[in-house]
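Since the structure comes first, as structure tokens, the remarks are kept for the end.
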Amino acid sequence: MDTDFIFHPIGIIHSCFTEKFGIPRQTGLVPAARATLEILPPYNRDEAFRGLDDFSHLWIVFVFHGINDRKWQPTVRPGLRRHKGKFLLELSGIDLLDQTPVLDIKPYLPYADRIPGATGGFAADPPRPSLSIEFTAQARQACTLLEKTVPGFSDLVIQVLRADPRPAYVGTRSERTEFGVRLYDINVRWAIRQETIIVRAIEGANDGGGKVPTFLV
């Protein structure tokens, strides 16, 4: 049996997550995480998305282009707009890597998609943040500057780090205590000290924001 398939994406994701490290494990864990789904020709037609603004959530069917894992949870919060001739869906609460190909979108229908009696097995409850967040004076100042071009950047940093993005293979008892996570084109350097995450530096923000993706402007 031929198991090779060719998919033609209808759009491409422009995400605040430009590397896999730091992406939340599920959607909704980082409400400040923003992305834009750019609809590609010939699918960028107004009539194809008429009425979509009335839905609070969408299912995004996408390709894991950066990893081989097939586990996914694609509900996100949408908004619809055009920008410089491009047909864009604004998304929040995402867990998608930048440049993710999108195959389809579906409106979330509460009467059909919600299952009140569903059980979650070993992941029945949402993760509870166990680490507090502190900023050095330098990092706090850099975040304040970034807020001028990327509103909510400080919240994004706090929410991403509070979810403890350290991979499982590192482990909480690992001797490794220094980490970095890339959000947009900004490198956030942080350290673990006992039960506290200390944001040490925001690299690339010295000019008041660095490069901000045009889809967010």
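The values are calculated or read from the model by the stated rules, or taken from the named source; none is laboratory data. Computed from a predicted model, the values in this text were never measured in an experiment. Virtual Cβ from ideal backbone geometry, glycine too; neighbours counted across all protein chains shown.
So the values come out like this:
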quantity	calculated
When residues of the range 153-169 are limited to those that are among the small types (Gly, Ala, Ser) and buried (at least 16 other Cβ atoms within 10 Å of the Cβ), the one modelled with the lowest pLDDT	163
Of all residues in the range 95-139 being in contact (Cβ under 8 Å) with a residue 60 or more places away in the chain and polar (S, T, N, Q), the one that is surrounded by the fewest Cβ atoms within 10 Å (Cβ to Cβ)	130
Whichever residue in the range 15-25 is of a type outside the set (A, V, I, L, M, F, W, C) and in a loop (DSSP other than H, G, I, E, B) and, among such residues, is modelled with the lowest pLDDT	25
Search result, residues across the range 182-200 that are surrounded by fewer than 22 Cβ atoms within 10 Å (Cβ to Cβ), touching a residue at least 60 places away in the same chain (Cβ under 8 Å) and either farther than 13 Å from residue 165 by Cβ or not assigned by TED's automatic domain parsing to the domain that holds residue 146 (or both)	185, 195, 196, 198, 200
Spans of helices (runs of 4 or more DSSP H) in the range 105-166 with at least 3 residues touching a Leu at 6+ places or on another chain (Cβ under 7 Å)	153-162
Matching residues, the range 78-94, being assigned to a loop (DSSP other than H, G, I, E, B), surrounded by 10 or more Cβ atoms within 10 Å (Cβ to Cβ) and of a type outside the set (A, V, I, L, M, F, W, C)	93
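Table: residues versus (1) surrounded by fewer than 19 Cβ atoms within 10 Å (Cβ to Cβ); (2) of a type outside the set (S, T, N, Q); (3) at pLDDT 90 or above.
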| site | (1), (2), (3) |
| --- | --- |
| 13 | no, yes, yes |
| 27 | no, no, no |
| 36 | no, no, yes |
| 55 | yes, yes, no |
